[in-house]
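Following: one structure in structure tokens, then a few remarks.
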Amino acid sequence: MTTAIGAEGLDESKMLIGNSPEEIRDQIMLLLSDSQLRNDMALRGRGYVEEKFSWQRNLEELDECLLQIEQTNKLRIVRGPFHEDIPQAAVEILR
């Protein structure tokens, strides 16, 4: 449940949009009255968050950023499994 402004840049098919108090009320009433829609939206919302904001995805994006820094700024990325589930990296400046 969001407004059109809140949905900018997001997949609007996964949410309900209301731009006025009346539209928001109507969307809330729809969710309260339709358990199937409510369950479907809950599953889609959770899937979206797991896909976009998982540790693995964030670490992959961090790794890409670190590689770009390493290549453009003469830095060396030292990688190591400092924790069994979350790989971490340290940066050393090459002189």
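The values are calculated or read from the model by the stated rules, or taken from the named source; none is laboratory data. Everything numeric in this text was worked out from a predicted model, so none of it was measured. When we count neighbours, we look across all protein chains shown, and the Cβ atoms used for this are built from the backbone with ideal geometry, even at glycine.
Could you grab me the full set of residues in the range 12-26 that are surrounded by 10 or more Cβ atoms within 10 Å (Cβ to Cβ) and either within 25 Å of Lys52 (Cα to Cα) or aliphatic (A, V, I, L, M) (or both)? So that I can check it myself, show each step before the final result.
Quick first cut of the range 12-26, residues surrounded by 10 or more Cβ atoms within 10 Å (Cβ to Cβ) only: 12, 14-19, 23-26.
Answer for the range 12-26, where residues must be surrounded by 10 or more Cβ atoms within 10 Å (Cβ to Cβ) and either within 25 Å of Lys52 (Cα to Cα) or aliphatic (A, V, I, L, M) (or both): Glu12, Lys14, Met15, Leu16, Ile17, Gly18, Ile24.
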> Within the set of pairs 6 or more residues apart or between chains, which connect a residue that is of a type in the set (D, E, K, R) inside the range 1-20 to a residue that is not in a loop (DSSP other than H, G, I, E, B) with Cβ atoms less than 7 Å apart?
Replying inline: Lys14/Arg44; Lys14/Gly45; Lys14/Tyr48
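Do we have any residue at all in the range 30-52 that's assigned to a helix (DSSP H, G or I), among the polar types (S, T, N, Q) and surrounded by 11 or more Cβ atoms within 10 Å (Cβ to Cβ)? Even if it seems obvious, please write down each step before you answer.
Start the filter on the range 30-52 by keeping residues that are assigned to a helix (DSSP H, G or I), which leaves 30-33, 35-52.
Applying the additional criterion that residues be among the polar types (S, T, N, Q) yields 33, 35-36, 39.
With the extra rule that they be surrounded by 11 or more Cβ atoms within 10 Å (Cβ to Cβ), the set shrinks to none.
No; the residues of the range 30-52 include none that is assigned to a helix (DSSP H, G or I), among the polar types (S, T, N, Q) and surrounded by 11 or more Cβ atoms within 10 Å (Cβ to Cβ).
Report yes if some residue within the range 68-78 is at pLDDT 90 or above, surrounded by 11 or more Cβ atoms within 10 Å (Cβ to Cβ) and at negative phi; otherwise report no. Spell out the reasoning first.
Start the filter on the range 68-78 by keeping residues that are at pLDDT 90 or above, which leaves none.
Taking every residue of the range 68-78 in turn, none turns out to be at pLDDT 90 or above, surrounded by 11 or more Cβ atoms within 10 Å (Cβ to Cβ) and at negative phi.
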>> Looking at the structure I just gave you, is Leu10 of a type in the set (A, V, I, L, M), part of a helix (DSSP H, G or I) and out of contact with any helix residue (DSSP H, G or I) (no Cβ under 7 Å at 6 or more places or on another chain)?
In response: no
